[in-house]
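A short worksheet on the structure shown next.
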Amino acid sequence: MFADYSTSELMSIFAMQGFAGLILFSVFVLMALGLAIIFGQMGVINMAHGEFMILGAYVTYLTSNVFSEYMPSMFGSYFFIAMILAFIAAGALGMFVEWALIRHLYKRPLDTLLATWGLSLILQQIYRSVFGAREVGVTLPDWLMGSFQLSEIVEVPINGIFVMTLAIGISLAVAALMYKSRWGIQVRSVVQNRPMAGAVGINTSKVDRLTFGLGCGIAGVAGSAFTMIGSTGPTSGQLYIVDTFLVVVFGGAASLLGTIASAFTISQAQSTMEFFLSGSMAKVLTLLFVVVILMLRPQGLFSLKVRR
Amino acid sequence: MLSVSNYHVSYGQSEIIHGMNFDVKPNEIVAIMGRNGMGKTTLMKSLMGVIPSKSGEITLGGKDVSNMQSYQRVGAGFGFVPQGRMIFSSMTVKENIETGLTTTKARTVPKDLYDLFPVLLEMRNRRGGNLSGGQQQQLAIARALASDPKLLLLDEPTEGIQPSIIRDMARTLKEIRDQRGLSIVVSEQVLSFALDIADRILVIEKGEIVHEELRENVDEAKIASYLSV
């Protein structure tokens, strides 16, 4: 299949597909980080994660409408405000859900699967009733449009670079929060042994609520970034939840670094193969590859070496 | 310091602790002895709020803590070293101690903890799970002391630990009591350790205190008879 292209063309194709893969990687990272906290750290199988993401996307859509209606002069900067609002909205909903539903299920992790799946159906119907079944798209501010021309064939879109910067920034922030801050220490101890964490003086229910809220908030930001790449409908979240779980499980559930490495592997493989094969063939090959690796290494790519 | 009165604990319908009464004076070390299944661990866990009590009252320094949750009890002055040590195995030694600082608002691990357990300073960047049993026990004690407790509860601290280290531990615990002026309640099956450390010995059987004696006039044979099957 490489025979039709000259060497320089092939190089350019790999460069461009590599970059497209990097954008996909950034979206995967943004989606998977929230789930890595909720599923990887807390052990809650959150099937509604995609819906939290879509909430962020709808908040971005609303914000862009408000700005173009009332403050057209400020339209260029709406995206930053939309992301903050998306984080707050998804995080607040997450904390409410934790209080109403999840906190009763920490001892029954499999039941969280059913409960959150039900929640995802409820949220989808709410989106459908409020925003309608049709997909909506947002208008990007001018500075996010267009692309850099690197060579005759290679060009990189500006919004892709923006998503990548965002993904890197949020990954670093989450890593610092989990591994360098006092709050991170509390989260990790609560996750490892809830009764014992209480017995050393940690308010476990508060930590649980904030952790779940943070994971959902990051999903909201991911949804906000998602509006730059695809359009938003009530069921868009469903399309991504499987990929997101795949990334987290493949990376090794408790490891943030593993999540990032696995998002990178999967997105690059997917994007490079998509150019030469059909999209569904690429997907099949990626899944086969992941299944084989998980059979050889059930704990995922990265795992902690520690006596249990 | 600690006062427990008419204290009942049960799992569902089956009551484990039946109306227990005892006091611990400031600066006193009390050993609670008894065979397996007599309610030692249940008593310790429920004093800490890890499992709920059914009825009765606990006060610490005159303050009623019966309805508090675990983390509030730590704030009120309880420190807990559980059976099996229960350190956070994937976190480093330093991070493990830092979990205990939550209620004190201190930012760094107090130096005197490392002075008590120099081995922890040496190993501060190792993961807790990779320490030996004796080192983990020291870590669990350091973690409990980090919250600056008025009363330290230790549940079978000698379990799975070699005799020479058990003797060291007895000395360290007395040193901690003298330095910090706290009270210690320790549940124990090893009589020699209890005799080494305690000012007073309580024996529990089937969830009731059946025997109580001061260290000075303890009758070793009698206590041993309670512990033998």
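Here, each number is a calculation from the coordinates, and none is a lab measurement. Everything numeric here is computed off the predicted structure, so don't read it as measured data. Reconstructed Cβ throughout: ideal geometry from the backbone, glycine too, with neighbour counts over all protein chains shown.
One table, with the values for the structure above:
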item	result
Cα centre as origin, Lys/Arg/Asp/Glu Cβ charges: region B:2-223 dipole, Debye	820
Filter on B:LYS45/B:LYS206; A:LYS206/B:LYS111; B:LYS105/B:LYS150; A:LYS107/A:LYS206; B:LYS40/B:LYS105 - keep pairs with C-alpha separation over 24 Å	A:LYS206/B:LYS111; B:LYS40/B:LYS105
Unit charges at the beta carbon, dipole of region A:19-265: most positive-side option, A:LEU144, A:VAL154, A:ASN193	A:ASN193
Trypsin sites (Lys or Arg not before Pro), loop per DSSP, at most 10 other Cβ atoms within 10 Å - longest free stretch of chain B	B:108-229
Under Karplus coefficients 6.51, -1.76 and 1.60, residue-wise ³J(HN,Hα) of region A:114-131 in Hz, glycine/proline x	5, 4, 6, 5, x, 4, 5, 5, 4, 5, 4, 5, 4, 4, 5, 5, 7, 9
In nm, spacing of pseudo-spin labels at A:ARG128 and A:LEU294 (7 Å Cα→C-beta vector)	2.9
Sequence of A:ILE293, B:ILE176, A:ILE122 once ranked by neighbouring C-beta atoms within 10 Å, starting from the fewest	A:ILE122, A:ILE293, B:ILE176
Cut-off under 5 Å, modelled amide H: who pairs with B:PHE80 long-range	B:LEU153
Value at 222 nm in deg cm²/dmol, rounded to 500, when DSSP H runs of n ≥ 4 in chain A each add -39,500 (n - 2.57)	-24000 deg cm²/dmol
Pairwise label distance in nanometres, B:LYS105 with B:ASP23, each label 7 Å out on the Cα-Cβ vector	3.4
Positive-end residue of B:LEU182, B:ASN21, B:VAL50, charge dipole of chain B with Cβ unit charges	B:VAL50
Chain B: C-alpha pair distances exceeding 34 Å, %	11
Coordinate range along principal axes, alpha carbons of the protein assembly as shown, Å, largest first	95, 49, 40
Cα-derived Rg over Rh, computed across chain A with Rh taken as Kirkwood radius	0.99
Exposure proxy ranking, count of Cβ atoms within 10 Å, fewest first, for B:TYR11, A:TYR78	B:TYR11, A:TYR78
Only Lys, Arg (+1) and Asp, Glu (-1) charged, at Cβ; region A:19-265 dipole about Cα centre in debye	1040
Region B:1-95, Rg to Rh (Cα coordinates; Rh as Kirkwood inverse mean 1/r)	0.98
